[in-house]
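So the structure is just underneath, and the comments pick up after that.
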Amino acid sequence: MLTLNLEEENLNILFEENPLKDIFHHDNTEEYLIAVSKVSQAVKRFLDHNKKPFSGVSPAQLRPLFAKVDLDSPLSDYNTLLDEVGLLYTNHAVAFHHPEYIAHLNCPLVIPAIAAEIMISSINSSLDTWDQSAGGTLMEQKLIEWTCNEVGYGTEADGIFTSGGTQSNLMGLLLARDHYSLTHLNHNIKLNGLPPEASRFRIFVSEMAHFSIQKNASLLGLGEKSVIRIKTDRSFRMNSILLEDAIKQEIAAGNIPIAVVGTAGTTDFGNVDPLQEIGRLTAKYNLWYHVDAAYGCGLLLTSKYRGLINGIELAHSVTVDYHKSFFQPVSSGAFLVKDKQLFGLITHHADYLNPKDHDDDGLPNQVNKSIQTTRRFDALKLWFTLRMMGKVKLGSYFETIIQTAAEIAALLQADPAFELMNESDISALVFRYNPRDNRADICKMNQFIKKSMFNGGEALVAGTKINQSFYLKFTLLNPLTTIDHVKNIFNIIKQHGNEYLQFNKTTADFRRN
Ligand SMILES: *Cc1c(COP(=O)(O)O)cnc(C)c1O
């Protein structure tokens, strides 16, 4: 009895102090500003202290620290919290902004977009309906219109912000599937599910296309088997002659081609498929044409390299990923369609949210075009970016990375210790270390290099497999990465490679004795 009274008294004291101290509202602006400024100070410390792309920490080192955290005992203040988050996360976070991080498709960020994130999360509009977003909806629509215009679409085009390329590709295949079924089989998949013919639907992509195409085909009930992978030519672009052969073969086998996905900027090589040629074939065979420009969309920003992505305007639908090539924080992507009527294939009216009469009243409800319901106002980041920097400046960053990649390709080619696999339309270079007269297992040596670099953390590169062999990969997305940075990375690669050769030589000698 006594303890209960004491607890009640304690609670009363707490509540008198500041009853709802943690809630974002107009009486708590001071608390809000303190919190946001403390966190941005901690981010500054991350920039000041993390001088390497990665600390090299292992899960085994970090995991024990997590065991000590009791999520049911809150901490006393932000300083204590940020110390804890430092130990568990920021001290070891992989630093995408670092010029010697050239591993995956992660771009450094532009500051206006980061600033916008604070507003996005604080005001927390949801972009599904006008009545939860107001002007936010119109901003998103204006940015979509702008992107459609850059793609070369006309006024009938429309689109929606998405969580990224995977979701945008899903929407492309979803519309392709439902549109085919409705127009050719008079079967409404939205209402009735898949028709029996769906097991024979076929989608064509290059063998270098992103894995999300297979994953999405399987999510759409078509099975991974529905995806026919077309061999690429010597420059890793889809071979359009083989594409036409494959379409004919599938038809002859009694299957039903429904779509072709062209990739504008493959994840591994940064190469652009022959978009115009694919467009000609999709028109000839009456197939849905989707272009995955998750990586290549940055080409839209530069007049110098815009020609590389010509033909994208022929597509029925397009994926763009602002968080790959527009220097935007995750998440930020978009799905575009040439003919906005096609969104009708996925529109669902919920009485509580977007009733049919809203359409009649002209209230714009973006949920009509999305597969998400509650949806972040990611568009505001791009708005801040374009309004503070403009397209030309953003495009100049993309030009810089393309030029740096070309110079690095030339260096790799000139160095007999390296084998370069590709010339990139954008900024992804696949190569391996293979110095003269070595008798090592080249795959194992390059795997060793990649692993040692990750453990050391001074510079991060990626790896990939081509024809069963392991290669190293640079993805250049940082305009601050210079030739000197990359020369330094060459040296690190050679050091680790030579360590491997040395070690193998010693063990080989040891075995011989
Ligand atoms: C990254 C990538 C995707 C997937 O995009 P997410 O934003 O990671 O979902 C799709 N296609 C290509 C070509 C990509 O490079």
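The values are calculated or read from the model by the stated rules, or taken from the named source; none is laboratory data. These numbers were taken from a predicted model, which means no experiment stands behind them. So basically every Cβ, Gly included, is an ideal-geometry build from the backbone, and we count neighbours across all protein chains shown. Keep in mind that these areas ignore ligands, DNA and RNA; they rest on the heavy atoms of the full protein, side chains included. Shrake-Rupley method; radii C 1.70, N 1.55, O 1.52, S 1.80 Å.
Tabulated results
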| read-out | value |
| --- | --- |
| Distance in nm between pseudo-label sites at Lys284 and Phe46 (7 Å out along the Cβ direction from Cα) | 5.1 nm |
| Whichever lysines have a C-alpha closer than 23 Å to that of Lys369, once near sequence neighbours (fewer than 8 apart) are set aside | Lys142, Lys190, Lys215, Lys324, Lys338, Lys340, Lys356, Lys381 |
| Relative contact order for the chain, counting Cα pairs under 8 Å that sit 6 or more residues apart, in percent | 19 percent |
| Rounded Å value of the spacing that divides the Cα centres of the range 387-460 and the range 471-486 | 6 Å |
| Residues Tyr32 and Glu499, FRET efficiency given R0 of 45 Å [Cβ-Cβ distance, rounded to 0.05] | 0.30 |
| Inter-site label distance for Ile118 and Asp339 at 7 Å from Cα along Cβ, in nm | 4.7 nm |
| Taking the range 392-512 and dividing mean pair separation by its residue count, relative contact order in percent (alpha carbons under 8 Å, at least six apart) | 26 percent |
| Glu197 versus Ala410: modelled label distance in nm, points set 7 Å from Cα along the beta carbon direction | 5.4 nm |
| Spin-label proximity, His104 to the range 352-386 - amide N less than 12 Å from point 7 Å beyond Cα toward beta carbon | none |
| Residue-averaged [θ]222 nm for the chain, counting only DSSP H segments that reach four residues, each worth -39500 (n - 2.57) | -14500 deg cm²/dmol |
| Asp357/Thr464 FRET efficiency (R0 41 Å; Cβ-Cβ; nearest 0.05) | 0.20 |
| Neighbour cut-off at most 15 other Cβ (10 Å), DSSP loop, trypsin sites (Lys or Arg not before Pro), the range 27-67 | Lys51 |
| Across Lys473/Lys494; Lys451/Lys473; Lys225/Lys465; Lys231/Lys304, pairs whose alpha-carbon gap is larger than 20 Å | Lys225/Lys465; Lys231/Lys304 |
| Modelled FRET efficiency - R0 41 Å, Asn310 with Asn186, Cβ distances, 0.05 increments | 0.70 |
| Positive dipole terminus of the chain, leading residue within Gly172, Asn239, Val318 (C-beta point charges) | Asn239 |
| Carbon and sulfur %, accessible surface of the chain computed with the full protein complex present, 1.4 Å | 55 percent |
| Highest to lowest packing among 351-359, 227-235, 325-333, scored as the average C-beta count within 10 Å | 325-333, 227-235, 351-359 |
| In sequence order, calculated HN-Hα J values of the range 214-220 (Karplus, 6.51, -1.76, 1.60; Hz; x Gly/Pro) | 5, 4, 5, 4, 6, 4, 7 |
| Probe 1.4 Å, protein heavy atoms only - accessible area per residue of the chain in square angstrom | 50 Å² |
